[in-house]
């Protein structure tokens, strides 16, 4: 019997507000043990001292503990991304998966698979070893999602660890960097290259390209680093004939911050009004490192009052919202090796179902 | 003999960098006494302590003093707007006007007229008296631009004064507000309503609507308040049969921050690729006061780290850049009575000339 | 048998880090049911979108739930203040009270009492009714602390509610203001005036002075507004002969942001090195409303990148840290009617115990 | 005949407000050709995109051009430092030097000397070659100031260049770093080490210590990097028997951000009330790199909303203002090799003159 994914995009009143998810659990629309992953776009600064992510995670776990066994609570992938600059709107994306009980739209349809690497040694973080471990986890998650071909994978979210002084000390200082902020970039970058390896976008993995060679990137990786874990958590989204239902996923790459054309092409696949049919948008945004967009100077990297990642999320959020027609968009920053310099991957999950199309 | 407007959109390396304008003056493309107005989008925060506007103005005047008589230097309208959030690009827009010497594209074409009110009494600032003075100045500028019908006016920029404690004291405290920041909003609002009166968008002008009734607005006003003047400077842009040349202007109103549809309709008039043919975009952006965009919460008004005007400029800048295809867009904030709550007027100046269309 | 207060000042690794408190509970130094109040200085922005306070509160309650009955968890006053600007250090202050079992330093010593008002009607918030309710709660808390004379009260912390649109609607719009941020100031101000009434600093309470007449203030009030409650929670600290032990409390008022002299006088009472003997510093800081400190201009109110409250906390934190010799100082902002305009109350809790004096 | 220095500390209404200096020139208190150096503390963010420094400099030069020959205008050292966080007050410090015409307080008294290095090659910036050039310029300025012994130098201000991509290209990429922000730190650090060499604080200058070994520092260097010059401008302040008058200078080093004790010792030399007698305070502030002050965590380095330099200036400004009694303090950030990690040099210029002492 095929599986069927469902997706709940729900508004968040504040980073501790899990009431919309709980309402779905309470009225039976969402079955607790069907929850495959929860993403949250929270309203912090998305940078080092953004505690809205941890607050949202703690709030989620406390709520889930009323519906699931402790072990299940711990293993649901929870991916929080801070930063709703501009008119971006804080929201949850809950993806559930279950056996398709009755006749639904046949597939290939949205498929989800998750996996987790073994805990990394601090010496591995930001180095090729991390990329290889992520590659293996992506392949494992693909298998669980019954996605055979890398071409059918549209989005891979990786949550990965960072380095602290204490962690560096446990391996005698044999680490990629002693700078915590820099380690976040290297860890994201190594994870993205691992996704690239799993999806056959890259063939080999020279250690010195991590964080250095911006011309090497995965078109479907989205990575975030957090202090709360030592393993890499992987969520793979794609399409599989083993799944059914009305949900579909497709992706593209914005070549730069104003590459609306590629997103417009992507949206052309969506039946009906995107504002209704597009159930989720997952994108990465960043400031181009050369300080230019199509030959014109931007000021994101020189602004010492607002970090470049905040500028980029708000601006690219505007580009996307103008095209999609709503503001609950999962736009995240820190796009090392995730799409080209200054651009980034964009995935959309959309519905073929009449009620989602306003018809 | 008809007049002809020309427009130079020029990159700015920093707020004191007037080299691109000077290069145009030096090589004869721009005649000093043809300069009708200069707009500048500078990279400050666009708020109270944004000194990039004054720095740019000082730099402009010092440079112009090498080409013009002191009186002429003082009377060229210089409109600086701070804030290039997201990937917006700092730039100058120089509009020149001269007799059309030879055969050019016939009009009606872009026309420009300027006027200045008498110095306001501090008691008038932010009150109906200011609106009436702006109304009269707009009509005067229209006459100078040979624009007969209000319907042919597409954009009115007003630079207006604000209140300080010292100014309030000179009128014995008979002022609209004692709060300097608030006086900026009231002054912008009164100016916008004055534009609305001149353009027959409003019929009367109850004093208590200024800054209070957000449902009353002009569709073509763009106002900024500054400490350096006591009069209101008005720049009117529109189309007139008395002008010729390839430049045209058109405008619309964004109903909210993601109203791409109205801008797409506007751009449909432009022949060829907007990225080439659109010579200037002039827009206002602001956060909706109810904290929502199409039913979804935004966080701009609650963010105590980044002011709402900065969020709004960056985000709406993204919406517009995705449509236009470049980032030198004159998006300014503080849109009291300038378009609907959360939306704002958008004007484009575009060219019919083959060389601007990539043909 | 007299009571005895003890105080634990404990470092906080992040707003969710309650491990230092739990360590005290685990090893028996702190008895769960002796906890009288917990204050936390968290590293958020201390303004509207500071979620570190809610995150810290949630983390505390989750931890306390492992040691106390649900009702007890709910009733412990938890006062979170955001903002550790400059070198201020995030920390907890846990105050415990219990029967003095054995012979200790005789009193009068530090005494603590708490009380809570009935839930306020939204119509009462920011109005004299709130002040009267706070006055009554302060008197109740004084009685519980066995402090007879208002002169023996040194510090009163009030946590009070704010207005939201929804709350205003429940009373048909009969509220002091419809602006949420402004309601926080009015609520803090009304609470402070209530403290002033209870401590005989004020005699009457004209409704129109709240938030308006900066010359009226309490010298020992410290108030913060939060969305999570509708009542006012009061914590009174002072000295009482009914309490014993080595802890003492004293207070002063800084006349302006650089009034080190008054704090130096206060510290003169402390035996030994303040860096050791001073167990806690509780202070309010704010930018003077006239933009001046002793005739010299400050820029806190004009800075649109950093809120004035953040500037004030960091700067006054520096003044105090230079005098006290450490950086775990509970400096909070938003000082309406809490000390003079631009200044604020300062209380110190210090120890007479040899081991705290480095002797 | 000995020389005599005078010092004018003057308030600044905004970064373009040079009126207070012009008033001194206009009424003869300050002779144009006596101006030896002008320092300005402006209200920008003190970081990369702080244009208040350039605006102040442009305003100064335009004003000075009315009193001095063009060459003289160009050669007066103008040292602008951005950032008046907390209650720090924007101000100018004008130091003048002239022949002592009549009998004044005998020396040794405040002496000033300036020098400038040859233009640096981009390859030299941030490397030992820069340090050696600065060392030579400091020695030259000392000779001009008639200061024989390095022990009599109390403060050396160095304004030094930074690297840009264009500059790096001119030397085929043979540069210390390609990161502009990083080059500012390396340039400041190399300059500081050059001061240390000139003052016999250091003996040798291994290239790999620049920006790396925080244990090596000068106790009297204060360095800032700017894009507008390729040479290093040096201003030396000290005491010399060749100078007379009531002004004296002394210096110390704060060991950390709350080291008030060392400043208190320094102020003990000042006759009378420091708030009157101290004519100028020149200090460096920075966040300690280990994230701690006396064992307690600070959050300056993790705050992605406010840069650490802004936190440090406001906080250390508070420490100093509490001691000195006023807020016109020249506290600047970016203290690589300028004092110990987390601390910094502090110099005071004070007066022995009765009228400055309130007597």
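The values are calculated or read from the model by the stated rules, or taken from the named source; none is laboratory data. All values reported here derive from a predicted model rather than from experimental measurement. Virtual Cβ from ideal backbone geometry, glycine too; neighbours counted across all protein chains shown.
Do the conditions hold for residue C:237, that is, is it under 21 Å from residue C:77 (Cβ atoms) and either part of a loop (DSSP other than H, G, I, E, B) or in contact with a helix residue (DSSP H, G or I) (Cβ under 7 Å, 6 or more places away or on another chain) (or both)?
Numbers: under 21 Å from residue C:77 (Cβ atoms): yes; either part of a loop (DSSP other than H, G, I, E, B) or in contact with a helix residue (DSSP H, G or I) (Cβ under 7 Å, 6 or more places away or on another chain) (or both): no.
Spelling it out, it is not the case that residue C:237 is under 21 Å from residue C:77 (Cβ atoms) and either part of a loop (DSSP other than H, G, I, E, B) or in contact with a helix residue (DSSP H, G or I) (Cβ under 7 Å, 6 or more places away or on another chain) (or both).
Any chance you could count how many residues in the stretch A:179-207 are out of contact with any helix residue (DSSP H, G or I) (no Cβ under 6 Å at 6 or more places or on another chain) and either surrounded by fewer than 19 Cβ atoms within 10 Å (Cβ to Cβ) or not in a helix (DSSP H, G or I) (or both)? Total meeting the criteria: 7.
Hey, among C:233, C:328, which residue is modelled with pLDDT of 95 or more, facing another protein chain (nearest Cβ under 8 Å) and within 17 Å of the chain's Cα centre (by Cα)? Give the steps one after another, and end with the answer.
Details: C:233 fails: facing another protein chain (nearest Cβ under 8 Å).
From the options C:233, C:328, the qualifying one is C:328.
If you take the residues in the stretch A:69-99 that are over 25 Å from residue A:45 (Cβ atoms) and out of contact with any strand residue (DSSP E or B) (no Cβ under 7 Å at 6 or more places or on another chain), which one is surrounded by the most Cβ atoms within 10 Å (Cβ to Cβ)? Once the filter is applied, the top-ranked residue is A:73.
Based on this model, can you work out whether residue A:89 counts as part of a loop (DSSP other than H, G, I, E, B) and closer than 22 Å to residue A:188 by Cα? Before you say what the answer is, go through the steps one by one.
Details: part of a loop (DSSP other than H, G, I, E, B): yes; closer than 22 Å to residue A:188 by Cα: no.
For residue A:89, the condition - part of a loop (DSSP other than H, G, I, E, B) and closer than 22 Å to residue A:188 by Cα - is not met.
Run down D:125, D:112 and say which single residue is out of contact with any helix residue (DSSP H, G or I) (no Cβ under 6 Å at 6 or more places or on another chain) and under 23 Å from residue D:81 (Cα atoms).
Details: D:125 fails: out of contact with any helix residue (DSSP H, G or I) (no Cβ under 6 Å at 6 or more places or on another chain).
Only one candidate qualifies: D:112.
Criterion first (touching a strand residue (DSSP E or B) at 6+ places or on another chain (Cβ under 9 Å) and either buried (at least 24 other Cβ atoms within 10 Å of the Cβ) or within 14 Å of chain B (Cβ to nearest Cβ) (or both)) does residue A:116 satisfy it? In short, no.
Just the residues that are touching a helix residue (DSSP H, G or I) at 6+ places or on another chain (Cβ under 7 Å) and either in a loop (DSSP other than H, G, I, E, B) or away from chain C (no Cβ under 14 Å) (or both), please, taken from the stretch D:333-359. Explain how you work it out, then say what you get.
To start, the set of residues in the stretch D:333-359 that are touching a helix residue (DSSP H, G or I) at 6+ places or on another chain (Cβ under 7 Å) comprises D:333-334, D:336-338, D:346, D:348, D:350-351, D:356-358.
Listed by number, the residues that qualify are D:333, D:334, D:336, D:337, D:338, D:348, D:350, D:351, D:356, D:357, D:358.
Any chance the stretch D:39-61 includes a residue that's at pLDDT 95 or above and away from every other protein chain (no Cβ under 14 Å)? Within the stretch D:39-61, one or more residues are at pLDDT 95 or above and away from every other protein chain (no Cβ under 14 Å).
Take the residues in the stretch D:20-37 that are touching a residue at least 60 places away in the same chain (Cβ under 8 Å) and outside any helix (DSSP H, G or I); name whichever of them is surrounded by the fewest Cβ atoms within 10 Å (Cβ to Cβ).
Here is the first cut: in the stretch D:20-37, the residues touching a residue at least 60 places away in the same chain (Cβ under 8 Å) are D:20-21, D:24, D:30-31, D:34-37.
Next, only the ones that are outside any helix (DSSP H, G or I) stay: D:30-31, D:35-37.
Numbers: D:30: 19, D:31: 13, D:35: 25, D:36: 22, D:37: 21.
The extreme case among them is D:31.
Restricting attention to the stretch D:71-95, the residues that are more than 16 Å from the chain's Cα centre (by Cα) and either more than 14 Å from every other protein chain (Cβ to nearest Cβ) or at pLDDT below 95 (or both) add up to 4.
For residues that are outside any loop (DSSP other than H, G, I, E, B) and under 17 Å from residue C:184 (Cα atoms), tally how many sit in the stretch C:208-221. Quick ask: steps written out before the conclusion?
Step one: of the stretch C:208-221, the residues outside any loop (DSSP other than H, G, I, E, B) are C:208-209, C:218, C:221.
Checking the rest, the ones that are also under 17 Å from residue C:184 (Cα atoms) come to C:208-209, C:221.
Number of matching residues: 3.
Rundown of residues vs (1) surrounded by fewer than 20 Cβ atoms within 10 Å (Cβ to Cβ); (2) more than 14 Å from every other protein chain (Cβ to nearest Cβ); (3) in contact (Cβ under 8 Å) with a residue 24 or more places away in the chain, yes/no style:
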| site | (1), (2), (3) |
| --- | --- |
| D:63 | yes, no, yes |
| D:101 | yes, yes, no |
| D:121 | yes, yes, yes |
| D:125 | no, yes, yes |
| D:137 | no, yes, yes |
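Residues in the stretch D:280-305 that are in contact with a helix residue (DSSP H, G or I) (Cβ under 7 Å, 6 or more places away or on another chain) and buried (at least 21 other Cβ atoms within 10 Å of the Cβ): D:281, D:283, D:285, D:286, D:287, D:300, D:303.
Reported count of residues in the stretch A:51-66, each being in contact with a strand residue (DSSP E or B) (Cβ under 9 Å, 6 or more places away or on another chain) and part of a loop (DSSP other than H, G, I, E, B), is 1.
The residues on offer are D:215, D:219, D:224, and the sole one that is modelled with pLDDT under 95, outside the structural domain of residue D:291 (by TED's automatic domain parsing) and touching a strand residue (DSSP E or B) at 6+ places or on another chain (Cβ under 6 Å) is D:224. Pick from the stretch B:272-320 the residues that are under 18 Å from the mean Cα position of the chain (by Cα) and part of a helix (DSSP H, G or I): which of them is nearest to the other protein chains (Cβ to nearest Cβ)? Among them, the one singled out is B:314.
On inspection, residue C:257 qualifies as assigned to a loop (DSSP other than H, G, I, E, B), in contact (Cβ under 8 Å) with a residue 60 or more places away in the chain, in contact with a helix residue (DSSP H, G or I) (Cβ under 8 Å, 6 or more places away or on another chain) and within 13 Å of chain D (Cβ to nearest Cβ). Tallying residues that are within 14 Å of chain C (Cβ to nearest Cβ) and either surrounded by 19 or more Cβ atoms within 10 Å (Cβ to Cβ) or more than 23 Å from residue A:282 (Cβ to Cβ) (or both) within the stretch A:1-19 yields 5.
Residue-by-condition table, conditions (1) at pLDDT 95 or above; (2) in the same structural domain as residue B:309 (by TED's automatic domain parsing); (3) within 18 Å of the chain's Cα centre (by Cα):
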{"position": "B:104", "(1), (2), (3)": "no, no, no"}
{"position": "B:137", "(1), (2), (3)": "yes, no, yes"}
{"position": "B:146", "(1), (2), (3)": "yes, no, no"}
{"position": "B:165", "(1), (2), (3)": "no, no, no"}
{"position": "B:179", "(1), (2), (3)": "no, no, no"}
{"position": "B:182", "(1), (2), (3)": "no, no, no"}
{"position": "B:189", "(1), (2), (3)": "yes, no, yes"}
{"position": "B:196", "(1), (2), (3)": "yes, no, yes"}
{"position": "B:200", "(1), (2), (3)": "yes, no, no"}
